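Reading through the structure tokens given below for one structure.
Nothing in this text is a laboratory measurement; each read-out follows from the coordinates by a stated rule. Note that the structure is predicted; figures quoted are calculated from it, not measured. Note: ideal-geometry Cβ built from the backbone for every residue, glycine included; neighbour counts use all protein chains shown.
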Amino acid sequence: MSTIRLGPVTRIEGHLDVEITVDSDGYIQEAASSGTMFRGFEAMLQGRDPLDAVHYTQRICGVCPISHGMAASMGLEAAFGAVAPDNGRIVRNLVLGANFLMSHILHFYHLAALDYIDTTGIIDITPWIPRYTTPDMLKGSDAVPFVQHYVEALAIRRKAHQMGAIYGGKMPCSPIFVPGGCTQPVTSENISQFRSLLTGIRSFISDVMIPDVLAVAGVFPDYATIGQGCGNLLAYGVFDLDSSGTDRLLARGRYTNGSLSDVDPGLITEYVKYSWYTPASGGANPSEGVTTPDPDKTGAYSWLKAPRYDRIVHETGPLARMWVNGDYTNGISVIDRLAARALEARKVGDAMNGWLDKLVPGAPVYHRALSPEDGTGVGLTEAPRGALGHWVRIHDSEIASYQVVTPTNWNASPRDDDDQMGPIEQALIGTPVADITQPIEVLRVIHSFDPCLACSVHMVSPAGDAKRFVVNV
Ligand code: NFE
Ligand code: MG
């Protein structure tokens, strides 16, 4: 048996350490996933004007800020009793869609692709080195197109941000989100500017990205069974198609123990037995959640809490969304996560083109809404990486409590109070590792989830203050 710790895991957002134990046959027997930073956004929000939540929470993460702006707006809308007019709803969807496309292209080319290609002799400078290079990687002339597309994808991501900024005002963090709609008027000019950028991005997704993902799938067939994980999938749904919030481009639902069912937010609990928070153990629905750090807690090994649905471990992300919506049910694995993400990018891009036709220049984008003195709200939506929820309680017109549960909270969670491993931990168990000095298989599994730790522990710890933990819990 050998135990190694990868920390920090690179080509993800934020600080994740993973510790694995590999047996003498080369298979992973133990895995622990540790979020190594505490951030404390939830504590920062207490006592502030409820409207601040839309802007503060977008600073949780530069990769998926729009999702936080959306979840905060939706949570406040529930508390304010506000409903956005159609134009406002569609504009918000378009800005969120722009962020999804930017993030999915970022993930495949700039975070995941280097797990599958060896650029030695093609390009030997950062960001292509230093990294693992293993004999199974695409190399030479097979790798050249990926290097070209890596560079092209940078320009496409810039276009996606330019597109989002047409309605978002700026990207990454957008000031236009507000409970009751948005503050950006619709004109025929901004519709055509948006469409022109969208057309180029959709072509890149269809003509370059999807073929590249399928090429990786063809060369790495073992990864269609590696990294299966817990097998349960959760999606809150996203891109409301009407003002009632029931018809969505990607539906709300879950796939638990082999069957599809509805989602009852009351059954979501965050456990803390192995997380650096008080109390010692136990769980709470986020509506009653607290975030009280306890960095010296015995037995804990992560700054992530462990969210569970009805005490059951669930994975979230593009595969969960596409599965629940019936768009993709091939399997649950490393390759299936990459494939579902690319196909979702095409689906969202196509839908955005249709939404532009539904905008009405000059029609209202905002219905005025004011904060109640006391109230509660939940905003459930989707970030590029999966199900995102914001829970707010307002008292005396100030935020009394704010809880954020992000997709990576679900996927990179530590063990829960029932000692069940989180989805990434489970996906690592049984993964073969050919060369423990270059454990590329571990990165392929972790990267397939596209983890973002900045989102999940929401504080910057002073340099050198990383916590060590013992894996055999
Ligand atoms: Ni920082 Fe985030 C997304 C959210 S992550 S990237 O997508 O919410 O778990
Ligand atoms: Mg939280």
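So, in nm, how far is label Arg48 from label Lys139 when the simple model puts each one 7 Å beyond its Cα toward the Cβ?
5.0 nm
What ³J(HN,Hα) values, in whole Hz, does the Karplus curve 6.51 cos²θ - 1.76 cosθ + 1.60 give for region 308-323 when θ = phi - 60°, with x put for Gly and Pro?
For region 308-323, the Karplus curve yields 9, 9, 6, 6, 9, 6, 10, 8, 9, x, x, 5, 4, 5, 5, 6 Hz.
So how far, in whole Å, is the C-alpha centre of region 36-100 from the one of region 291-311?
About 24 Å separates the Cα centre of region 36-100 from the one of region 291-311.
For Asp23 and Ser203, what does the FRET efficiency come to when R0 = 35 Å and r is the distance between their Cβ atoms, rounded to the nearest 0.05?
0.15
Run the helix sum for the chain: -39,500 (n - 2.57) per DSSP H stretch of 4+ residues, divided by residue count, reported at 222 nm to the nearest 500 deg cm²/dmol.
About -10000 deg cm²/dmol.
Which FRET efficiency value, to the nearest 0.05, do you get for Thr298 and Ala363 by plugging their Cβ-Cβ distance into 1/(1 + (r/R0)^6) with R0 = 35 Å?
Calculated transfer efficiency: 0.05.
I'd like the Karplus ³J(HN,Hα) series for region 349-366: coefficients 6.51, -1.76, 1.60, θ = phi - 60°, whole numbers in Hz, and an x wherever there's a Gly or Pro.
Using θ = phi - 60°, the values come out as x, 4, 5, 4, 4, x, 5, 4, 5, 8, 5, 10, x, x, 6, x, 10, 8 Hz.
Please give me, ordered by residue number, the trypsin sites (Lys or Arg not before Pro) of region 250-315 that lie in loop per DSSP and have at most 13 other Cβ atoms within 10 Å.
Those satisfying the criteria are Arg311.
Once you put a point 7 Å from the Cα of Gln148 and another 7 Å from the Cα of Arg5, both along the Cβ direction, what distance in nm separates them?
Each label point is offset 7 Å from its Cα along the Cβ direction, giving 4.4 nm.
Out of residues 5 or more away from Gly237 or on other chains, whose amide H comes under 5 Å of its own, with H placed 1.01 Å from N in the peptide plane?
Gly253
Would you mind checking which residues have amide H under 5 Å from Glu30's amide H? H placed 1.01 Å from N; only 5 or more apart, or other chain.
Thr21
Taking amide H positions as placed in the peptide plane 1.01 Å from N, state which residues far from Tyr271 in sequence (5 or more) or on other chains have amide H under 5 Å from it.
Correct list: Ala306, Arg308.
Label Asp418 and Lys170 with points 7 Å out from Cα along Cα→Cβ: what is the distance between them in nm?
For Asp418 paired with Lys170, the spin-label model returns 4.6 nm.
Sort 340-350, 203-213 for me by packing, meaning the mean count of neighbouring Cβ atoms within 10 Å per residue, highest on top.
Output ranking for 340-350, 203-213: 340-350, 203-213.
Output ³J(HN,Hα) for region 23-31: one whole-Hz value per residue in order, computed from phi by the Karplus curve 6.51 cos²θ - 1.76 cosθ + 1.60 with θ = phi - 60°, and x for Gly and Pro.
7, 5, 8, x, 10, 6, 9, 9, 8
Set the Förster distance to 45 Å, then compute FRET efficiency between His395 and Asn353 from the Cβ-Cβ distance, nearest 0.05.
Efficiency, rounded to the nearest 0.05: 0.55.
Jot down the per residue volume, in cubic angstrom and as a whole number, of the convex hull over the alpha-carbon atoms of the chain.
In the chain, the Cα hull volume divided by residue count equals 129 Å³.
For a label point 7 angstrom out from the Cα of Ala280 toward its Cβ, which stretches of region 304-342 have the backbone nitrogen within less than 19 Å?
306
Going by average Cβ density within 10 Å per residue, which order do the peptides 107-117, 139-149 take, highest to lowest?
107-117, 139-149
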